[in-house]
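See structure below.
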Amino acid sequence: MIKFFTLILSSIFLLNVSVAQVRSVTYDAKQNTFDNDYNLPSEERFNITGFIDSNIHLVELTIYQGSNKKGERNEYYSTYWLRDKSDNGNQFYLSVKSPLRQNEKYDFDIRLFRVLNAEEVDYSKNSVVTSIQNYLVSTARNNNKGLELDNTPAEIRKEMDRIVREGLTKYRTKTKESFPGFSDILVKQLDDFGNVTGGRARSVEKDENNSLSDEYVNKIAAILLQAELELEQYFNNEILVLSETKTVQDHPTEKQRNVVAINGGYGGAWFSGNLNDFNYGHAPYVGLSFPLGKKAFSGKFWSNTSISTGVFVLNFKDKDGDVIKGPIIQRPFYVALGYRFFRFLRFNAGAVLLEKKEDNGEFVNADKIFVRPFVGLSIEINFWADFAK
């Protein structure tokens, strides 16, 4: 047994273990293809590089697969590249850290953003402010009861936030910050507007220098000023605007080779007794392993854990020297749960099906068929094969 484990350890050091490298593919904007339309890497991380104009400061990538019941594409993964201040080159770099599944098709949206100049920033901000003004005028009114709002201040703020988000759909900041929403100060102003009713409204009307119409105009102007000030804080960032969108549809991924995980090792089975009177047998075994998950999608633990099944190549002998075989094939066979560590070593623990020889030399008596626990250590090697379809 010592010689066997020495052989296992020696094999590990002698195997040629290559260092995994992240693959890179090139996006051709003119052809709108990846690597001349070759299949993309699957079940591994990869990088995407491509050439852009120097005025492009942000590249966003969204990967889609399939669609929902409404016909909307399902987002699979998204990432972005942001130009560094010291970078004046014409190349972008994207890292796809969520592996794509083998032999599947995906859609890719690549969005290019350029920097807005000062005039464009003012125009964009004023467009959003105008939309908010139109909304406020439609929901805030002056009537014979006073000043009223069609919705609560909280609902109005929510709608104003939505207007801003929709108005900024094609805009980004270099800090990748989104508009945080309007503050409680604006909500308080809206609440104050809606409270100009009843006695308070009559008090305004009695003022010789004011009227409800003037109050309406002044308060709407104050609310708009506050909204503009809060938007100004967002637009003080360096603003980027969508310049171009490229879409690559139904791009296939590579089909992985079929893998057969074969492991061979040495194990021992317990037959009976305790520590003081231990009856066991040991022998080499070979088998197949079936991982409970793929490393690219299930993580290290589940990809290293597997169900194994196989046979012991030699029969056992108990402490009395009696031969213990397995039924039917005349060799013990096993089912085990195993975990791989140190890359090639696998620890297995499971059950082995056995049959003890009768005095008459036959192995056909079902009463002598029994199951016993076993543990073993093995090396595992992956073999690639193309199975017939």
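The values are calculated or read from the model by the stated rules, or taken from the named source; none is laboratory data. Please read all numbers here as calculations on a predicted model, not as lab measurements. So basically every Cβ, Gly included, is an ideal-geometry build from the backbone, and we count neighbours across all protein chains shown. These accessible areas exclude ligands, DNA and RNA; they are computed on the full protein's heavy atoms, side chains included. Shrake-Rupley method; radii C 1.70, N 1.55, O 1.52, S 1.80 Å.
What the table shows:
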{"item": "Farthest positive-ward along the chain dipole, Cα basis, beta-carbon charges - from THR173, ILE132, SER306", "result": "SER306"}
{"item": "Where Cα atoms sit under 28 Å apart: lysine pairs in segment 101-220 separated by 8 or more or lying on different chains", "result": "19"}
{"item": "Filtered trypsin sites (Lys or Arg not before Pro), segment 17-99: DSSP coil and at most 14 other beta carbons within 10 Å", "result": "LYS30, LYS69, LYS70, LYS85, LYS97"}
{"item": "Cβ-defined net charge surrounding LEU58, 11 Å radius [Lys, Arg +1; Asp, Glu -1]", "result": "+4"}
{"item": "At most 12 other Cβ within 10 Å, DSSP loop - trypsin sites (Lys or Arg not before Pro), segment 102-159", "result": "LYS145"}
{"item": "Top positive-direction residue, dipole computed over the chain with Cβ charges, set LEU225, ILE163, ASN195", "result": "ILE163"}
{"item": "Separation in nanometres of the label points that stand 7 Å from Cα toward Cβ, at ILE163 and GLN233", "result": "1.9"}
{"item": "Dipole magnitude (debye, nearest 20) for the chain, charges at Cβ of Lys, Arg, Asp, Glu", "result": "1660"}
{"item": "Debye, to nearest 20: dipole size of segment 119-236, +1 on Lys, Arg Cβ, -1 on Asp, Glu Cβ", "result": "360"}
{"item": "Around ASN279: net Lys/Arg minus Asp/Glu count, Cβ-Cβ under 11 Å", "result": "-1"}
{"item": "Heavy-atom SASA rank of TRP302, TRP270 (probe 1.4 Å, accessible area, largest first)", "result": "TRP302, TRP270"}
{"item": "Trypsin sites (Lys or Arg not before Pro) within segment 207-276, DSSP loop, no more than 14 other Cβ atoms inside 10 Å", "result": "LYS255, ARG257"}
{"item": "Paramagnetic label zone (point 7 Å from Cα along Cα-to-C-beta, THR197; backbone N under 19 Å) in segment 132-169", "result": "136-157"}
{"item": "Estimated distance in nm for a label pair at LYS97 and SER138, the labels positioned 7 Å out from Cα along Cα-to-Cβ", "result": "4.2"}
{"item": "Solvent exposure ordering (accessible area, 1.4 Å, most first) of LEU288, LEU242", "result": "LEU288, LEU242"}
{"item": "In Å², nearest 10: area of THR197 left accessible to a 1.4 Å probe", "result": "50"}
{"item": "Per-residue SASA entry for ASP150, accessible area with 1.4 Å probe, Å² rounded to 10", "result": "80"}
{"item": "FRET efficiency, SER303 to ILE328 (Cβ-Cβ, R0 45 Å, nearest 0.05)", "result": "0.85"}
{"item": "Nearest-0.05 FRET efficiency for ARG343 and ASN55, computed from C-beta distance (R0 45 Å)", "result": "0.40"}
{"item": "Expected 222 nm ellipticity per residue - DSSP helices of 4 or more, -39500 (n - 2.57), all of the chain, to 500", "result": "-8500 deg cm²/dmol"}
